[in-house]
Amino acid sequence: MINKMKVLFVGAELAPLVKVGGLGDVMGSLPKALIRNKVDLKIIIPFYGAIDKKKFLIKLFKKNIKLEIDQQKLNFDLYQTYLPGSKIKVFLIKHKLFDHKEIYVGHRKYLKGRVYSRSLGDIERFVFFSKAVVETIKQLNWQLDIVHCHDWHTALIPTLIDEYSLEDQNFKNIKTVFTIHNLANQGVAPLDIVDYGGLHHDLTPALMEDYYDRDGDKIDMMKVGILSADLVNTVSPNYAKEILSKEYGEKLEAYLLRRKKHLFGIVNGIDLDFFNPQKDQLIYKKYNLKNYKSGKLANKQALQKELKLPLVDVPVFGLVSRLVRQKGLDILIPTLQKLLHKTEMQIIILGTGQEEYEDDFKALEKKYPSKVKAKITFDIKLAQKIYAASDFFLMPSSFEPCGLGQMIAMRYGSLPIVRATGGLKDTVKHKKTGLVFKNYKASELHKVFLQALKLYRHKSAFDVIIKAAMKEDFSWAKSAADYIKLYKKLI
Ligand code: NHF
């Protein structure tokens, strides 16, 4: 029998245990697809106070694992459960740094809703976590081929593994993959974090670079991950290309260019069991490719009724998103202001985020109560209802590493309106499975809205596109096969 590849997934989020954004979704669904391909996989995350210990059947695995950090000898406990619906072991690192309810502690310092933080608090927490992960590997003598790290929170792990391998034979065979989910969140810290973590900058080229940089008083975790992992990838082929440019590189393009030969793009999938209009318990009426017309109509009318919108035959546009600039809101809002007074349409917005956008949407709702509903909240149930009820789904992002909403929308027969950027460009085909515009300009978005309005009245053409969109295959199977190919380059 061929030996199974042994992989450890490391990240800050894991759906359904703990999720802030797409990172959690990917961490929670990609492993299930990987283990179908002869991979022996386990996952390790922090044990946040917000994780429901009872619900997820989490048990103590090992007490008092020792580690040295900030020149002090500390302990942490290791807990264990299984990823719901699978036999994948999930380990959780328990320490008081993660005990409170927030996942990321820095967000209070930022604009309301800005949950990704770069605060020192988070830096310390995730350096601790990274070190605890490596100590767990060491003290439990885990035999691993690949440690797969996700986003800046885990970006020091390849460096730690390099350092540990100088003294410990077991680490010599471990290779590392670093996945960038969003380059905009980098984890920037003062240099003394290197001492805090007990790292040796003189042994590690990626750290050395920051140490003696011209403006060398800071360390950028994301950059260290990019420079030190054996292979780097991001969550779509197009974003992997874009981030080599100044426009999308978030000031790390030079380092990414240096790793160009080792930089790959693998598009995310979606969980086809959960996102399935035929089985979805959260929508008003289930439907499939055959009966989607009546199914979607029933969902549309029920949602109009629930939200107290007039029950009229007009195109309904949905927006389910964090309400932040990245999502294209500064071109969407002026476009809507221009369109709404003279157009028969409805738009339903769901999400929270930067106050200015929340206020803009609320103002639009006030001005056009029969056309706009702005639900400034988190609501998984309402999100599913919007996917099922809407005719079009808006994602005019300024950048988008992969994006999940457009794929979910297509599966529910809601045509995505997207900008040709990142994973949106890879997954939506103009006038074939959605509508795509090129430049980040309100005028271009406006044009595409007009195309959508026209398409809505041209039922036969509209149907062809809806059917093609619903038929697209966004399963994790293909992406998992690509990840396996990536792993195989290393072992
Ligand atoms: O899909 C998961 C997600 C991406 O585009 C998304 C993003 C953050 O911005 O990979 O990560």
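Taken together, the values in this text are just the output of simple stated rules run on the coordinates, not laboratory data. What you see is a predicted model; the values in this text were computed from it and never measured. Glycine gets a Cβ as well: all are built from the backbone with ideal geometry, and neighbour counts include every protein chain shown.
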Between Met5 and residues 5 or more places away or on another chain, the pairs with built amide H atoms under 5 Å apart involve Asp40
Quotient of Cα radius of gyration and Kirkwood radius for the chain, i.e. Rg/Rh, equals 0.98
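Apply 1/(1 + (r/R0)^6) to the Cβ-Cβ distance of Ala468 and Lys73, taking R0 = 56 Å, and write down the FRET efficiency to the nearest 0.05.
Working: r = 61 Å, r/R0 = 1.08.
The computed FRET efficiency comes out at 0.40.
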In square nanometres, what is one fourth of the surface area of the convex hull spanned by the alpha carbons of region 13-113? 7.9
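About its Cα centre, how strong a charge dipole does region 365-491 have in debye, to the nearest 20, once Lys and Arg get +1 and Asp and Glu get -1 at the Cβ?
Numbers: 25 positive and 10 negative charges, 54 e Å.
So the dipole magnitude of region 365-491 works out to roughly 260 debye.
Grab the eigenvalues of the alpha-carbon gyration tensor for region 286-354, scale each by 5, take roots, and send me the semi-axes largest first in whole angstrom.
Working: eigenvalues 126, 51, 25 Å².
Largest first, region 286-354 gives 25, 16, 11 Å.
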For Ile69, enumerate residues with amide H under 5 Å from its amide H, sequence gap 5+ or separate chain, H modeled in the peptide plane. Leu74
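If I take R0 = 56 Å and measure r between the Cβ atoms of Lys246 and Leu60 in this structure, what FRET efficiency does the formula 1/(1 + (r/R0)^6) give, to the nearest 0.05? All intermediate terms of the calculation are to be shown ahead of the outcome.
Numbers: r = 49 Å, r/R0 = 0.88.
E between Lys246 and Leu60, to the nearest 0.05, is 0.70.
If you place +1 on the Cβ of every Lys and Arg, -1 on the Cβ of every Asp and Glu, and leave all else neutral, what size is the dipole of the chain about its Cα centre, to the nearest 20 Debye? Kindly include the intermediate steps, with their values, before the conclusion.
Values: 80 positive and 54 negative charges, 519 e Å.
With Lys and Arg at +1 and Asp and Glu at -1, about 2500 debye.
Does region 5-60 come out rounded, prolate or oblate by the C-alpha gyration tensor, with a ≥ b ≥ c the root eigenvalues, rounded set by a/c under 1.5 and, if not, prolate when a/b is larger than b/c and oblate if not?
Working: a/c = 2.14, a/b = 1.54, b/c = 1.39.
It is prolate, given that a/c is not under 1.5 and a/b is the larger ratio.
Using 0.36 nm per residue of separation minus the Cα-Cα distance, give me the extension gain between Lys260 and Asn439 in nm, one decimal. Numbers along the way, then the final one.
Values: separation 179, 0.36 × 179 = 64.44 nm, distance 2.57 nm.
Net length gain for the segment: 61.9 nm.
With the cut-off at 24 Å, tell me which of the pairs Lys6/Lys138; Lys241/Lys488; Lys305/Lys467; Lys131/Lys478 have Cα atoms farther apart than that.
Numbers: Lys6/Lys138 15 Å; Lys241/Lys488 22 Å; Lys305/Lys467 26 Å; Lys131/Lys478 33 Å.
From the list (Lys6/Lys138; Lys241/Lys488; Lys305/Lys467; Lys131/Lys478), the Cα-Cα distance tops 24 Å for Lys305/Lys467; Lys131/Lys478.
If eta is 1.567 mPa s and T is 4 °C, what Stokes-Einstein diffusion coefficient results for region 228-335, Kirkwood Rh from Cα pairs, in µm²/s? Don't skip to the end; give the middle numbers.
Values: Rh = 18.0 Å.
Reported coefficient: 72 µm²/s.
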Is there a pair in Lys38/Lys286; Lys101/Lys375; Lys342/Lys366 whose C-alpha atoms are over 28 Å apart, and which pairs would that be? Lys38/Lys286
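Within a 10 angstrom radius of the beta carbon, how do Ile484, Ile348 rank from fewest other beta carbons to most?
Going from sparsest to densest Cβ surroundings: Ile484, Ile348.
Below 8 Å between Cα atoms, with a sequence gap of 6+, how large is the relative contact order for region 237-357 in percent? The partial results should precede the final answer.
Working: 90 pairs, mean separation 20.0, N = 121.
About 17 percent, as a whole number.
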Selection from Ile347, Leu311, Ala298, by position along the positive dipole direction of region 221-359 (Cβ): Ala298
